[in-house]
Amino acid sequence: MAIEILTKDDLEAFRKTLLHDITLLLSEKQQDKKEWLRCADVRKMLEISTGTVQNLRISGKLKSQKVGGIHFYKLTDVENMISGKTK
């Protein structure tokens, strides 16, 4: 039976590999885009305030669907707004 000795460098290399693998898994999960977004998601994507999202909704520039008191926005509509392809 052979005995292997682990060094601090071995553990550090393992830690870096593990963190890299976890980061890859999380980024893959984020690529599974949602079809509908909440106000907070829209705010982050467009880098605007809650009031601006509300103004866009009221003016008809950004359509929403209200479900149980919460407004949901289509991802494609938000992406079109980012790229400047508004209807």
- Query: Restricting the search to region 70-87, which residues are assigned to a helix (DSSP H, G or I) and touching an Asp or Glu at 6+ places or on another chain (Cβ under 9 Å)?
  - Reply: 75, 76, 78
- Task: Kindly state which helices (runs of 4 or more DSSP H) lie completely within region 1-69 and contain at least 2 residues that are closer than 16 Å to residue 81 by Cβ.
- Result: 39-46, 50-59
- Message: When you check residue 42 against the structure, is it modelled with pLDDT of 90 or more and either surrounded by 10 or more Cβ atoms within 10 Å (Cβ to Cβ) or in contact with a Leu (Cβ under 8 Å, 6 or more places away or on another chain) (or both), yes or no?
- Response: yes
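The values are calculated or read from the model by the stated rules, or taken from the named source; none is laboratory data. Since we're looking at a predicted model, the values are computed, not measured. No Cβ is skipped: glycine too gets one built from the backbone with ideal geometry, and neighbour counts run over all protein chains shown.
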